[in-house]
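The values are calculated or read from the model by the stated rules, or taken from the named source; none is laboratory data. Being a predicted model, the structure only gives us computed values, none of them experimental. Cβ sites come from the backbone with ideal geometry, for glycine too, and all protein chains shown count toward neighbours. Accessible surface areas use protein heavy atoms only, side chains included; no ligands, DNA or RNA. Shrake-Rupley method; radii C 1.70, N 1.55, O 1.52, S 1.80 Å.
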Amino acid sequence: SMEYTVKTAAERSSLSPNVLRYYEKEGLLPPIHRSKGGIRRYTDEDLEWLGLICCLKNTGMSIKQIRDFVTLSMQGPETLQARCQMLTEHRAEVEARIAEMNRYLNKVSCKITYFSKQYEDYLAGRKSDQQV
């Protein structure tokens, strides 16, 4: 299987080498294999992990929760149910945030329609009550 330098792994995951090293130090990534000379060698599995970490982080999971998830993963298949539970709860939180954002988006769209109409009236010389 392929192995990558920290530079290549960083490019492939759209992160900086410093972030990769930080994630490893913080226990967000399983320990990275090193060459005899002590150089980090990232695998496709490590890149898969990085993708999951970014996904969880960008959808609002805390660093502590991500670390807990990685710790569970390293303990083996007996933690699969606990990991599924964590992700199921996280998904529910993400879905709730999406629903909230959609409500806000709807309000913004309504305001665009409302102000466009007011602007047309204004251009046509019709006096309309200026409201927010």
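Okay, here's what the table says:
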item	result
Count - residues of region 1-10 that are open to solvent by less than 50 Å² (accessible area, probe 1.4 Å) and assigned to a helix (DSSP H, G or I)	4
Total residues in region 13-59, condition more than 16 Å from the chain's Cα centre (by Cα) and of a type outside the set (Asp, Glu)	20
Helices (runs of 4 or more DSSP H) fully within region 11-107 counting 2 or more residues that are in contact with an Asp or Glu (Cβ under 7 Å, 6 or more places away or on another chain), surrounded by 15 or more Cβ atoms within 10 Å (Cβ to Cβ) and modelled with pLDDT of 95 or more	none
Among residues of region 15-32, those that are out of contact with any Cys (no Cβ under 8 Å at 6 or more places or on another chain), touching a residue at least 24 places away in the same chain (Cβ under 8 Å) and more than 15 Å from residue 67 (Cβ to Cβ), counted	1
